[in-house]
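Chemist: Have a look at this one before I ask anything.
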Amino acid sequence: MYDRGEIMTEEERLGFLDWVCSRYCNLTAHRKGLIGYTFVKEDPDVPQVVWTILERILKKEGLVEYKDSYDDAFFKRIHGGKTGVYRDHVAVILPGANINRHTDVNQPGRVHARFNVFFQVPTKGGRTFYGKDVVEIKERGYVLCRSGIDTHWTEVILGDRPRITISYGFQLPIEVLNNLYKQVPQDL
């Protein structure tokens with residue numbers, strides 16, 4: 001249902017964590033304890049592994065035709081002309097912080113879905129919830145979040161290890177999302 005399995009090698013995971021650490025000061029503070037960076041395909045600073053993992057997800061999940069489901073006037077208008085808002089991004093949740101309960105915005109006729117890829121998970125706290133379910137998160141793994149349907153959040157992260165995640169966003173027809181939710185993808 002939520003857990004989709006591993007999606008990267010340990011070498012890719014560590015390389016991306018090095019990139020995040022080297023650019024920590026350039027990440028955007030969204031609020032205290034939550035920082036991030038929205039990926040833009042044309043940005044030469046974005047490591048190739050971001051796009052490699054996206055391509056793996058597109059193939060594993062059968063979503064190649066929905067790759068650009070966010071490039072649409074509805075989101076440009078809603079978000080003041082800023083493209084890429086809620087698109088693909090890295091989120092770093094520091095100890096003492098959490099993600100508040102929320103449901104994401106749906107495009108007319110579509111449902112907001114996210115594939116969250118875990119590069120680092122906290123050693124204490126930070127449980128993740130989708131609807132009423134606790135979602136098990138694992139380093140190198142990824143999960144499906146029906147973010148336009150299920151209220152989702154994390155508990156406060158304890159200890160000294162932040163949660164570092166890439167979140168890939170899609171706007172999908174409800175039938176496509178329902179089919180994804182019912183099945184676990186095939187290995188490549």
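Chemist: Identify all residues within the stretch 153-172 that are among the charged types (D, E, K, R) and within 17 Å of F119 (Cβ to Cβ); write none if there are none.
Modeler: Result: D160, R161, R163.
Chemist: Scan the stretch 39-61 for residues that are touching a residue at least 40 places away in the same chain (Cβ under 8 Å) and closer than 23 Å to E6 by Cα and jot them down. Lay out the reasoning, then the answer.
Modeler: Start the filter on the stretch 39-61 by keeping residues that are touching a residue at least 40 places away in the same chain (Cβ under 8 Å), which leaves 39-40, 49-50, 52-54, 56-57, 59-61.
The answer is F39, V49, V50, T52, I53, L54, R56, I57, K59, K60, E61.
Chemist: Can you pull out the residues in the stretch 102-119 that are over 18 Å from Y2 (Cα atoms) and either modelled with pLDDT of 95 or more or of a type in the set (A, V, I, L, M, F, W, C) (or both)?
Modeler: Initial filter on the stretch 102-119 (over 18 Å from Y2 (Cα atoms)): 105-110.
If the condition is that a residue be over 18 Å from Y2 (Cα atoms) and either modelled with pLDDT of 95 or more or of a type in the set (A, V, I, L, M, F, W, C) (or both), then V105 is the only one that fits.
Chemist: Check every one of the strands (runs of 3 or more DSSP E) wholly within the stretch 126-188 and list those with 1 or more residues that are in contact (Cβ under 8 Å) with a residue 60 or more places away in the chain and under 23 Å from I53 (Cα atoms).
Modeler: Numbers: elements: 128-130, 133-135, 141-145, 152-154, 163-172.
Because the criterion is at least 1 residues that are in contact (Cβ under 8 Å) with a residue 60 or more places away in the chain and under 23 Å from I53 (Cα atoms), the strands (runs of 3 or more DSSP E) in the stretch 126-188 that meet it are 128-130, 133-135, 141-145, 163-172.
Chemist: Residues being within 18 Å of the chain's Cα centre (by Cα), modelled with pLDDT of 85 or more, over 21 Å from K182 (Cα atoms) and surrounded by fewer than 11 Cβ atoms within 10 Å (Cβ to Cβ): count how many of those fall in the stretch 19-66.
Modeler: Within the stretch 19-66, residues that are within 18 Å of the chain's Cα centre (by Cα), modelled with pLDDT of 85 or more, over 21 Å from K182 (Cα atoms) and surrounded by fewer than 11 Cβ atoms within 10 Å (Cβ to Cβ) number 1.
The values are calculated or read from the model by the stated rules, or taken from the named source; none is laboratory data. Keep in mind that what you see is a predicted model, and the values were worked out from it rather than measured. Glycine gets a Cβ as well: all are built from the backbone with ideal geometry, and neighbour counts include every protein chain shown.
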